[in-house]
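Engineer: Have a look at the structure that comes next, please.
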Amino acid sequence: MKALVVEPPRPGVALRDVPRPGLAAGAVRVRVLEVGICGTDHDIVEGAYGTPPDGRSDLILGHENLGVVTEIASEGVGFAPGDLVVATVRRGCGECRFCRTGQSDFCETGRYRERGIRGLDGYLAEEYVERPDYLVHVPASLRDVAVLLEPMSVVEKAIAQGEKVLERKEPTPGIPADRPRRALVAGTGAIGILAAVVLRLKGYDVVAIDRHGETTPAATILRAFGARHVDAAAGLGGVGQRAFDLVVEATGSSTLDVALFDCLAVNGTLVLTGIPDAAAPPAPVATGRLFRELVLANQAVVGSVNANRTYFEQGVADFASAERRWPGTLGRLITSRRPIDQFADVLAQRTGGAIKHVLQVADAAAGTAGPGSSVPRFDKP
Ligand code: BGC
């Protein structure tokens, strides 16, 4: 079958023929419909992230997946051919208490694996085989947006973590809050916009910032979801100092991470989801002022990565709510859908105003590369 393959830490990616996976006992075979591309995929293609499976140099890329069940190893797996499914990404170490209870997103040993990222093949292939407990049902009504479910799960988890911290200072039961909660979302890629969606569904007043002006698709879509968009190219001065109960960061800029502390309200929580470049040059930080204010204002900063299946399920429920409240708006996050053969063009454009590029696998695969064929390796300049 055709698959998009990387060889981390070597930069580059290629479409190759790889063996079709066998159907293990109790497993489910899934035909991949489409896969979204995110910053993590770009990092892997650039050679800055990613690990092949043990004993191999190659790794099938792709983790933001949507597929359709084609075969089940036995009855009773909870899925039937024709079901739409999204697979979770992380596979636990099997040792720690979190991995043993379905919360590998909190793995303590660090010996987890992630499909398409670390130690396990991903979903940018015609098919994959998986255990049913790693598959999440998607209703057919969400077909057009379900490829966004994996990033949505990351957002659901991150916001849940922030809200757990905010709950420290909930008003006394029976005494209503005197104002809606205020949230700031930093970054308007798919993660940032989906965070704005979840926060709007929860009733927050939402401000979303980037540095790309007011006329981008992201700014327009955010307004459609009832969020306020602010161009922060000139800095955070006009955004609101000490104004936000919850700040969700989705850029991966460590400089911005530090600057965002100034936007936190008293008792506020900053949730970081972007993964900064560990090799970014060090920047001076006024640590005395930063931590003094953090303590005196009861503030917290929380990192959040990955998501377990409960957050995928919450994402399905919130997609349904969002589609009812803002019909058709979620689908506008998808900048392009292109056949997998056009992977080089898609991977060459890292942002440039795009929100989510999607590679189509199932329909695109039919009748293109046959056994033994491959397209030239694409290496970044
Ligand atoms: C994925 C997560 C993963 C993280 C770190 C993200 O792009 O969505 O599932 O845990 O990268 O590898």
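FYI, it's all coordinate maths here, none of it is from the lab. Just so we're clear, the structure is a prediction, and the values are computed from it rather than from any experiment. Neighbour counts are summed over all protein chains in view; Cβ atoms, including those assigned to glycine, are modelled from backbone coordinates with ideal geometry.
Engineer: Check the chain and count each lysine pair with an alpha-carbon distance under 21 angstrom, considering only pairs eight or more places apart or from different chains. Could the numbers behind the result be given before it?
Structural biologist: Values: Lys157/Lys169; Lys157/Lys202; Lys157/Lys356; Lys164/Lys202; Lys169/Lys202; Lys356/Lys380.
Taking the Cα cut-off of 21 Å, the pair count is 6.
Engineer: For region 180-268, what class follows from the C-alpha gyration tensor (a ≥ b ≥ c being the square roots of its eigenvalues): rounded when a/c is under 1.5, otherwise prolate if a/b is larger than b/c, else oblate?
Structural biologist: oblate
Engineer: Between helix 287-296 and the chain, what is the angle of the helix's C-alpha long axis to the longest principal axis, kept within 0 to 90° and rounded to the nearest 10?
Structural biologist: Once rounded, the angle reads 70 degrees.
Engineer: With just the Cα atoms defining each centre, how far is region 80-122 from region 203-263? Give it in Å.
Structural biologist: So the two Cα centres are separated by 31 Å.
Engineer: Treating only the Cβ atoms of Lys and Arg (+1) and Asp and Glu (-1) as charged, compute the dipole magnitude of the chain about its Cα centre; round to the nearest 20 debye. Could you put the intermediate results ahead of the total?
Structural biologist: Working: 42 positive and 45 negative charges, 111 e Å.
Computed about the Cα centre, the dipole is about 540 debye.
Engineer: Hey, another quick one. Report the relative contact order of the chain, percent, no decimals, based on alpha-carbon pairs under 8 angstrom and at least 6 residues apart.
Structural biologist: Value for the chain: 20 percent.
Engineer: Determine, for each peptide in 71-82, 255-266, 327-338, the mean count of other beta carbons within 10 angstrom over its residues, then list the peptides with the highest first.
Structural biologist: Top to bottom by mean Cβ count within 10 Å: 255-266, 327-338, 71-82.
Engineer: Moving on. With a cut-off of at most 13 other beta carbons within 10 Å, and DSSP calling the residue loop, which trypsin sites (Lys or Arg not before Pro) in region 49-131 qualify? Please list them. Could the numbers behind the result be given before it?
Structural biologist: Details: sites: Arg56, Arg90, Arg91, Arg97, Arg100, Arg111, Arg113, Arg115, Arg118; in loops: Arg56, Arg97, Arg111.
Here the trypsin sites (Lys or Arg not before Pro) that fit, given the DSSP loop and packing criteria, are Arg56, Arg97, Arg111.
Engineer: Taking the convex hull of the alpha carbon atoms in region 240-347, what volume per residue do you get, in Å³?
Structural biologist: 181
Engineer: Shifting gears a bit: How much of the DSSP beta bridge set in region 46-143 is antiparallel, as a percent to the nearest 5? Numbers along the way, then the final one.
Structural biologist: Working: 8 of 11 bridges.
Among the beta bridges of region 46-143, antiparallel pairing accounts for roughly 75 percent.
Engineer: Next question, about the same structure. Under a Cβ-Cβ cut-off of 13 Å, what is the net charge of the residues other than Leu256 that fall near it, where Lys and Arg count +1 and Asp and Glu count -1?
Structural biologist: On the way: positive: Arg211; negative: Asp210, Glu249, Asp257, Asp262, Asp277.
Cβ neighbours under 13 Å give a net charge of -4.
Engineer: Hey, can you rank 23-31, 275-283 by average C-beta count inside 10 Å, highest first? Mind dumping the intermediate values first?
Structural biologist: Details: 23-31: 18.0, 275-283: 9.6.
So the peptides 23-31, 275-283, ranked by packing, come out 23-31, 275-283.
Engineer: Give me the net charge of Pro151's neighbourhood, meaning all other residues with Cβ under 13 Å from the Cβ of Pro151; Lys, Arg count +1, Asp, Glu -1.
Structural biologist: Working: positive: Lys157, Lys356; negative: Asp41, Glu64, Glu150, Glu156, Asp318.
My count for the surroundings of Pro151 gives -3.
Engineer: In a shell of Cβ-Cβ distance under 11 Å around Asp41, excluding Asp41 itself, what net charge do Lys and Arg (+1) and Asp and Glu (-1) give?
Structural biologist: Working: positive: Arg350; negative: Asp43, Glu46, Glu64.
Around Asp41, the charge tally is -2.
Engineer: Answer rounded, prolate or oblate for region 130-234, using the Cα gyration tensor with square roots of eigenvalues a ≥ b ≥ c: rounded when a/c is under 1.5, else prolate when a/b is larger than b/c, else oblate.
Structural biologist: Values: a/c = 2.07, a/b = 1.09, b/c = 1.90.
Oblate.
Engineer: Hey, for a label at Asp277 modelled as a point 7 Å past Cα toward Cβ, could you say which residues of region 1-42 have their backbone N under 17 Å away?
Structural biologist: The answer is 10-12, 39-42, whose backbone nitrogens lie closer than 17 Å to the label point.
Engineer: Here is a further query. What ranking of Tyr128, Tyr123, Tyr204 emerges when the number of other C-beta atoms within 10 Å of each C-beta is taken as an exposure proxy, fewest first? It would help to have the intermediate numbers written out before the result.
Structural biologist: Numbers: Tyr128 26, Tyr123 30, Tyr204 22.
The most exposed by this proxy come first: Tyr204, Tyr128, Tyr123.
Engineer: Between helix 190-201 and the chain, what is the angle of the helix's C-alpha long axis to the longest principal axis, kept within 0 to 90° and rounded to the nearest 10?
Structural biologist: Value to nearest ten degrees: 60.
Engineer: Going by C-beta contacts inside 10 Å, put Ser141, Ser253 in order with the fewest on the left. Show your work: numbers first, answer last.
Structural biologist: On the way: Ser141 12, Ser253 17.
Exposure proxy ranking, most exposed first: Ser141, Ser253.
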